[in-house]
Amino acid sequence: MDTQALSTAGQAAALFDFPGPVTAMEPYGEGHINDTYRLGVRAGEGETRRFILQRLNTQVFKDPKGLMDNVTAVTRYLEKAMGGEGAPHGGQAEILRVIPTKAGENHLTLPNGEVWRAYNFIEGGVSFQTADDPRLIAASAHAFGRFARLLDGFPAESLHETIPKFHDTRSRLADFEKALAADCHGRAAACRPEIEFVQAHAQDCAMLMNLLEAGELPARVTHNDTKLNNVLINPETMHGVCVIDLDTVMPGLIHNDFGDAIRTCASTAAEDEQDLNKVRFDFEKYRLYAESYLAEVGGILRPKEREMLPWGARLMTLECGMRFLTDHLQGDVYFKIHRPGHNLDRARTQFRLVTGMVDAWAELCRL
Ligand code: ADP
Ligand code: GN1
Ligand code: MG
C-alpha cells in the first residue's frame, strides 16, 4: 500500500466531522476515477461506524466546488423525495449523505491542493462488477429508474456541468480522432481493427445530440455513470440499496443513463474481459433491464424518448469503447489501469457489445 497516499488520507480524515476518532482506514472499491477509502470510526463506547473518504480526481473534475454543491443539493432533494415513498421493492432505502468538514464545508482542500470528501458508508449493499444474476439487472434498473423519477422535479438548470460535453458522442469522436492523429505513444499500429471499428460507426455518433439540439429530446437530471457497480445491492435480498457515484449528475439525456447501464447489465462478461469469446450482448438481459427501467420511468418519458432508447444503448457503448481506445492511444492518462493494454481490452469488449446490438437491432427496436 502507498504509505504516502495513506498519510494524506489520514490528514484529510482528521478534518472531517466524524462522530469520533478514525481507528481504521483501507483502500476500497473498484472505481476507475477517484481514490476511495473505507474508514472505521469509534462512535461511542464499543461502537464502530464506517464511512467513505474519497480523494476527488481533480484532473477529471476541474470544478470540485461546483461538483460538491451538485452532490449536496441532489442528496438533500432525494432524501426529501424518498421520505414520502418508503422502501422500494421491499428493499432497504439508504441515502447517501455528505459528511461535512469540521469547518462546515462539503469538501476539503488540503494545502497540497488535494480535494477530499466524505460520505456515510452504505451498509447492507455491495458493488457487483458483472450482472451474472438476473436479479442484479432488475435491482439496478429499478434503482436508477427510481433515481431519474425522483429527480424529475429537480431544477436541472441549477446544476453545474461537472465535465463539459461528457456524453456528447460527437465530441468524444473528435477527441478520438485527435488522439489517433497524434498517436503519441506509437500504439495505433497495434490496434487497427479497433480504430477501423470506430471509423465504421462514426456517422452514428451525432444521432442523439442532433435530436437534443432540435428539441425533439429533452434534457433531464441524469446520473450519467450508471454502470452496475455504481448501485449498491443487498446480496441477500438482491434489492437495490442505494445509487452512488453522483459526480456526473447533470442535465443530460435519459438515453445516457439507460445506455450506460446496458453496457454492463446486458453483457455476459466483465468490462475488461480479455477472452472475447466470453463477451456477448444478451438480448434477454437487455429486455429485463428495459422492462424494469420503464416500470419506474415509463410515466415520465415522451414517446420519442422511449423510441430512441435502443440508440442510447448502442451509442453509450460505442462512446465508452471510444473513450477507452482514446485513453489507450494517449498513454492511459484518464482511467485507472491495472495491467498494460487494460484500456484496449476494455475498448474491445465494448465494440463486441455494439456488434451484438447491431445484429439484434430489429429486436431491440421492436421491444
Ligand atoms: P469512482 O468515481 O472512482 O468510481 P465511486 O464513488 O463509484 O468512485 O466509489 C468507488 C467504489 O467505492 C464504489 O463502486 C463502491 O463499491 C464503493 N463506495 C463508494 N461510495 C460508497 C458508500 N457511500 N458506501 C459504500 N460503498 C461505497
Ligand atoms: C468511469 O467512476 P467510475 O469508475 O464509476 C467513468 C465512466 C465510464 C466508466 C467505465 C467520471 O466510471 O464515465 O463509463 O468509468 N467516469 C468518469 O467503466 O469518467
Ligand atoms: Mg464509480
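Conditions (1) in a helix (DSSP H, G or I); (2) under 29 Å from Glu30 (Cβ atoms); (3) hydroxyl-bearing (Ser, Thr, Tyr); (4) more than 16 Å from the chain's Cα centre (by Cα), marked per residue:
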position: Ala131; (1), (2), (3), (4): no, yes, no, no
position: Arg135; (1), (2), (3), (4): yes, yes, no, yes
position: Ser140; (1), (2), (3), (4): yes, yes, yes, no
position: Arg149; (1), (2), (3), (4): yes, yes, no, yes
position: His167; (1), (2), (3), (4): no, yes, no, no
position: Leu217; (1), (2), (3), (4): no, no, no, yes
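Of everything in segment 25-73 that is part of a helix (DSSP H, G or I) and crowded, with 19+ Cβ neighbours inside 10 Å, the residue that is nearest to ligand 2 (Cβ to nearest atom) is Leu67. When Arg323 is evaluated against the numbered criteria (1) away from ligand 3 (no atom under 16 Å from the Cβ); (2) basic (Lys, Arg); (3) farther than 22 Å from Gly215 by Cα, which criterion, by number, is the only one it fails? Condition not satisfied by Arg323: (1). The requirement of being surrounded by fewer than 18 Cβ atoms within 10 Å (Cβ to Cβ), more than 16 Å from ligand 1 (Cβ to nearest atom), within 30 Å of Gly321 (Cβ to Cβ) and touching a residue at least 24 places away in the same chain (Cβ under 8 Å) is satisfied by His185.
Counting just the residues of segment 37-63 that are of a type in the set (Ser, Thr, Tyr) and over 17 Å from Pro100 (Cα atoms), which one comes out modelled with the highest pLDDT?
Taking segment 37-63 and keeping what is of a type in the set (Ser, Thr, Tyr), we get 37, 48, 58.
Those left that are additionally over 17 Å from Pro100 (Cα atoms): 48, 58.
Values: Thr48: 94, Thr58: 97.
It comes out as Thr58.
Once segment 28-42 is narrowed to residues that are closer than 14 Å to Ala118 by Cβ and away from ligand 1 (no atom under 12 Å from the Cβ), the residue that is nearest to the chain's Cα centre (by Cα) is Gly40.
For residues in segment 237-279 being of a type in the set (Ser, Thr, Tyr) and more than 15 Å from ligand 1 (Cβ to nearest atom), which is nearest to Trp311 (Cα to Cα)? Working first, answer last.
Residues of segment 237-279 of a type in the set (Ser, Thr, Tyr): 237, 248, 264, 267-268.
Then drop every residue that is not more than 15 Å from ligand 1 (Cβ to nearest atom), which leaves 237, 267-268.
Numbers: Thr237: 32, Ser267: 16, Thr268: 20 Å.
Per the criteria, the residue is Ser267.
Determine whether Phe18 is surrounded by 15 or more Cβ atoms within 10 Å (Cβ to Cβ), touching a Ser or Thr at 6+ places or on another chain (Cβ under 9 Å) and at pLDDT 95 or above. It is false that Phe18 is surrounded by 15 or more Cβ atoms within 10 Å (Cβ to Cβ), touching a Ser or Thr at 6+ places or on another chain (Cβ under 9 Å) and at pLDDT 95 or above. Is segment 231-254 home to any residue that is assigned to a helix (DSSP H, G or I), within 25 Å of Asp345 (Cβ to Cβ) and at pLDDT 95 or above? Within segment 231-254, not a single residue is assigned to a helix (DSSP H, G or I), within 25 Å of Asp345 (Cβ to Cβ) and at pLDDT 95 or above. When the test is whether a residue is away from ligand 1 (no atom under 16 Å from the Cβ), farther than 18 Å from Leu78 by Cβ and out of contact with any helix residue (DSSP H, G or I) (no Cβ under 8 Å at 6 or more places or on another chain), Arg170 does not pass it. The listed residues are Tyr334, Tyr289, and the only one of them that is farther than 30 Å from Ala214 by Cα and hydroxyl-bearing (Ser, Thr, Tyr) turns out to be Tyr334. Look at Asp204 and say whether it is among the acidic types (Asp, Glu) and more than 12 Å from ligand 2 (Cβ to nearest atom). Against the criterion (among the acidic types (Asp, Glu) and more than 12 Å from ligand 2 (Cβ to nearest atom)), Asp204 qualifies. Test Asn234 against the criterion of being over 14 Å from the mean Cα position of the chain (by Cα), away from ligand 2 (no atom under 15 Å from the Cβ), polar (S, T, N, Q) and surrounded by 17 or more Cβ atoms within 10 Å (Cβ to Cβ), and give yes or no. Judged against the criteria, Asn234 is a match.
The values are calculated or read from the model by the stated rules, or taken from the named source; none is laboratory data. As the structure is a computational prediction, the values presented were derived from the model and not from experiment. Positions of Cβ are generated from backbone atoms using ideal geometry, with glycine treated the same way; all protein chains shown enter the neighbour counts.
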